[in-house]
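Colleague: This is the structure I want to talk about, given as structure tokens.
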Amino acid sequence: MTNRSRRSFLKKSIGAAGLSLMGQRALVSVLHADSFERATRGIEPMPPGTVRLSAGIFKEQEEINARYLDSLAIDRLLHSFRVTAGITSTATPYKGWEDPTCELRGHFAGGHFLSAVALAYAGSGNADLKSRGNELVAGLAACQQKIGTGYLSAYPTELFEHLAAGKPVWAPFYTYHKIMAGLLEMFLLSGNSDALKIAEGMGQWAHEYFMGISTDQRMRMLRTEYGGMNEVLANLAAVTRNERYIDAAHLFEQPSFLDPLAERRDELQGLHANTHVPKIIGSARMYEVTGDRRYRQIAEYFLEEVLTARNYVIGNTSLDENWKTSPGQLKGTLAWTNAECCVAYNLMKLERLVFGWTGDARWMDAYERALFNCRLGTQNADGLKQYFFPLAAGYWRAYNSAEESFWCCTGTGAEEFAKLADTVFFRRGGDLYVNQFIASTLDWKEEGLVVEQVTQFPKEHGTTLKFKSSRPATRTIHVRIPGWTTSDAEVKINGRALEAVADPGSYLTIHRVWEDGDTITVNLPMVLRQEPLPGDDSVVAALYGPLVLAAELGAAPTDETYRIVHSSSTSPKNLPAASPLPKVAAGPRAMTDQWIQVESKLDLHFTAAGESGKLQLAPMYQIDDQRYSVYWQTQVPNKQS
Ligand SMILES: [Zn+2]
């Protein structure tokens, strides 16, 4: 059936005062949300469990994260849920944002943790983490059952009453979203059907709650951060094919935020970044589930605008968690409190969705930039995660404590490092997209195809794909030729170079019969280049291929309080003032290789001729114990009087 007829059916259903059982059956038989989703999402991720990382920098990070997740005790995670439900708990609760007095408690314990273990199971087959997730779901089910209304949280409904009454409260629906999302992922990625039932109960409670509230009051309540409630309800509608959750998702939409975006107007100044990116992910999913193209226009414009007018070179945005300036004006915004890590996590989720609609390589270029420069490196060797990503000169990385912080970024980081395998390969039907250059193996059982990606990227400037198949098959392979490479990029099939390669910033399409043992070798030359800080051409950052280079400015403080934050606070206390940016002995338009030398391609080691002497440079992801700067002050010629 056509989109138009489907939309008119949806409209009718939405207009009905409540959906009868017969209506629900009609929805299931007529709509088939899944098949419609395939129509809107041309290019899809591989099914969960089909891609595994091989030894390398990503696998190492995946394992570190899994060890951290494994260190957390289920009884302690459940404590505040049990107390709220009136079930005895003698466990010691965690601290920070999971402390029994914190109004966000439960966001990690019953939300991000569940998402992370479900993703870890899908991404690496970690059955131990899956069973710990199942144990947590069983504990949450008992809490929900005891409460008896469908409601489930680690705090009482009183916090929602505060929200309704306009009394100060942190963000009750934000936490509610995390828990629903965790449960839904436990169902989708690890097959826990109890988790779906709990999520449905929670979705029904939220719907009923808002149905009893006037539009004006609801709009006032939506000024408080609510995460991706619209996204998780759209996801629930797609899974259950129950129109009710689409109705509920609509109740979490704010015309005051969405309308300017639909009209391609950037009115983001003054908004809190991580409050708003999840709402756009919700819009993207509403496009996929309802087919309404206005949602798609909103998502595409928003993403394009943030990436071009509001992003720092590392692939992330925000100052003090907010968009504080007009578009394209980041002059004077370099600080400790740049680029909250959650925002990158959410932008990447959005990039992944939008890529699926068009196959445009720019979104996977953006994903790669964020992945290598502001995700890789934000987890330390103990699995602790960063909150802010300082971009002023002379600062260093600081992390949450293991049991006393539980920030939002602890949660999104735990998810990120559990799902490093999920964007390497995508598919359209039986065709394959090679999006990211990460050592991994795709075992695509339904196509009888195994693809091994062998690479040391980015130390190696390219990758090799080895095909194993039980029978020859005609299929199209799309390989991303990133925007950062040169026209010297080369692709070989079984050792023979193709006469032409796609332009940088697009996909090379290879259509042929593939046989067991075939190989594709991709050589992607990396070169030095620089990008100005938006709004200040005299301040530049240097890149080598996809990698942002950072100047090493001396050892980070050895005092542990500057490196690990043992509280709910998100930054170390008593931070010193930033240093001046390192100065380049060249003007803003000098060629980058006039002031940076590649010392070793293999080790990714560089030096720069700073005004006050030679500086060592490394890719930002490798910076651990150093003070650093990713931006440089170039020489600005004196204006002629
Ligand atoms: Zn965060």
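Colleague: Limited to the range 506-524, what total is found for residues that are in a loop (DSSP other than H, G, I, E, B) and either open to solvent by 30 Å² or more (accessible area, probe 1.4 Å) or farther than 17 Å from HIS461 by Cβ (or both)?
Modeller: Here the count works out to 4.
Colleague: Output the number of the condition that PRO327 fails; it satisfies all remaining conditions of (1) more than 29 Å from PRO458 (Cα to Cα); (2) within 16 Å of the ligand (Cβ to nearest atom).
Modeller: (2)
Colleague: Another question, then. Just the residues that are out of contact with any Gly (no Cβ under 9 Å at 6 or more places or on another chain) and β-branched (Val, Ile, Thr), please, taken from the range 230-276.
Modeller: VAL239, ILE246 - these are the residues of the range 230-276 that are out of contact with any Gly (no Cβ under 9 Å at 6 or more places or on another chain) and β-branched (Val, Ile, Thr).
Colleague: Related question: Got at least one residue in the range 100-115 being part of a helix (DSSP H, G or I) and surrounded by fewer than 21 Cβ atoms within 10 Å (Cβ to Cβ)?
Modeller: The answer is no, given that none of the residues of the range 100-115 is part of a helix (DSSP H, G or I) and surrounded by fewer than 21 Cβ atoms within 10 Å (Cβ to Cβ).
Colleague: Could you pull out every one of the helices (runs of 4 or more DSSP H) wholly within the range 338-417 that has 2 or more residues that are within 13 Å of the ligand (Cβ to nearest atom) and either among the aliphatic types (A, V, I, L, M) or crowded, with 23+ Cβ neighbours inside 10 Å (or both)?
Modeller: Answer list for the range 338-417: 341-358, 408-416.
A quick yes/no check of all residues on (1) surrounded by fewer than 24 Cβ atoms within 10 Å (Cβ to Cβ); (2) more than 17 Å from GLY182 (Cα to Cα):
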| position | (1), (2) |
| --- | --- |
| ASN235 | no, no |
| VAL239 | yes, no |
| ARG244 | yes, yes |
| GLN254 | yes, yes |
| GLU263 | yes, yes |
| GLN269 | yes, yes |
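Colleague: A further question follows. Pairs needed: first member in the range 608-624, hydroxyl-bearing (Ser, Thr, Tyr); second member anywhere, assigned to a strand (DSSP E or B); C-beta distance under 8 Å; at least 6 residues apart or different chains.
Modeller: Between residues of the range 608-624 that are hydroxyl-bearing (Ser, Thr, Tyr) and residues that are assigned to a strand (DSSP E or B), the close pairs are SER612/LYS583; TYR621/LEU547.
Colleague: Please state which of the following conditions LEU575 fails to meet, knowing it meets all the rest: (1) in contact with a Leu (Cβ under 9 Å, 6 or more places away or on another chain); (2) farther than 24 Å from GLN456 by Cβ; (3) modelled with pLDDT of 95 or more.
Modeller: It fails just one condition, (1).
Colleague: Can I ask one more? Identify all residues within the range 554-599 that are in contact (Cβ under 8 Å) with a residue 24 or more places away in the chain, closer than 18 Å to LEU533 by Cβ and not charged (D, E, K, R); write none if there are none.
Modeller: Residues satisfying the conditions are ALA578, SER579, PRO580, LEU581, PRO582, VAL584, ALA586, GLY587, PRO588, ALA590, THR592, ILE596.
Colleague: Now for a separate question. Here is a list: THR333, THR290. Which entry is among the hydroxyl-bearing types (Ser, Thr, Tyr), open to solvent by less than 20 Å² (accessible area, probe 1.4 Å), more than 16 Å from the ligand (Cβ to nearest atom) and closer than 26 Å to PHE252 by Cβ?
Modeller: Step by step, each of THR333, THR290 is checked, and only THR290 is among the hydroxyl-bearing types (Ser, Thr, Tyr), open to solvent by less than 20 Å² (accessible area, probe 1.4 Å), more than 16 Å from the ligand (Cβ to nearest atom) and closer than 26 Å to PHE252 by Cβ.
Colleague: Suppose the filter is at pLDDT 95 or above and part of a helix (DSSP H, G or I); does TYR628 pass it?
Modeller: no
Colleague: Could you list, in sequence order, the residues of the range 300-324 that are out of contact with any strand residue (DSSP E or B) (no Cβ under 8 Å at 6 or more places or on another chain) and either more than 19 Å from VAL548 (Cα to Cα) or open to solvent by 30 Å² or more (accessible area, probe 1.4 Å) (or both)?
Modeller: Scanning the range 300-324 gives GLU300, TYR301, PHE302, LEU303, GLU304, GLU305, LEU307, THR308, ASP320, LYS324.
Colleague: Restricted to the range 554-597, and to residues that are assigned to a strand (DSSP E or B) and open to solvent by less than 60 Å² (accessible area, probe 1.4 Å), which residue is nearest to the ligand (Cβ to nearest atom)?
Modeller: VAL565
Colleague: So how many residues does the range 536-574 have that are within 24 Å of ASP99 (Cβ to Cβ) and not small (Gly, Ala, Ser)?
Modeller: Qualifying residue count for the region: 11.
Colleague: Does LEU420 satisfy being in contact with a Gly (Cβ under 8 Å, 6 or more places away or on another chain) and either within 16 Å of the ligand (Cβ to nearest atom) or not acidic (Asp, Glu) (or both)?
Modeller: yes
Colleague: Another question about this same structure. Could you count how many residues in the range 118-176 are more than 30 Å from VAL51 (Cβ to Cβ) and in contact (Cβ under 8 Å) with a residue 24 or more places away in the chain?
Modeller: The total comes to 28.
Colleague: Count, please, the residues in the range 325-357 that happen to be within 20 Å of LEU119 (Cβ to Cβ), of a type outside the set (Phe, Trp, Tyr) and touching a strand residue (DSSP E or B) at 6+ places or on another chain (Cβ under 9 Å).
Modeller: Selection size over the range 325-357: 6.
Colleague: Quick one: how many residues across the range 476-505 are crowded, with 17+ Cβ neighbours inside 10 Å and not in a loop (DSSP other than H, G, I, E, B)?
Modeller: Within the range 476-505, residues that are crowded, with 17+ Cβ neighbours inside 10 Å and not in a loop (DSSP other than H, G, I, E, B) number 6.
Colleague: Report the residue count in the range 250-280 for those that are among the small types (Gly, Ala, Ser) and closer than 19 Å to GLU351 by Cα.
Modeller: Summing the residues that are among the small types (Gly, Ala, Ser) and closer than 19 Å to GLU351 by Cα in the range 250-280 gives 2.
Colleague: Residues being open to solvent by 60 Å² or more (accessible area, probe 1.4 Å), more than 30 Å from LYS146 (Cβ to Cβ) and not in a helix (DSSP H, G or I): count how many of those fall in the range 51-94.
Modeller: Here the count works out to 2.
Colleague: What about LEU602, is it touching a residue at least 40 places away in the same chain (Cβ under 8 Å), aliphatic (A, V, I, L, M), in a loop (DSSP other than H, G, I, E, B) and open to solvent by 50 Å² or more (accessible area, probe 1.4 Å)?
Modeller: Considered against the rule, which asks whether it is touching a residue at least 40 places away in the same chain (Cβ under 8 Å), aliphatic (A, V, I, L, M), in a loop (DSSP other than H, G, I, E, B) and open to solvent by 50 Å² or more (accessible area, probe 1.4 Å), LEU602 comes out as yes.
The values are calculated or read from the model by the stated rules, or taken from the named source; none is laboratory data. This structure is a prediction, so every number in the text was calculated from the model and none was measured. Positions of Cβ are generated from backbone atoms using ideal geometry, with glycine treated the same way; all protein chains shown enter the neighbour counts. These accessible areas exclude ligands, DNA and RNA; they are computed on the full protein's heavy atoms, side chains included. Shrake-Rupley method; radii C 1.70, N 1.55, O 1.52, S 1.80 Å.
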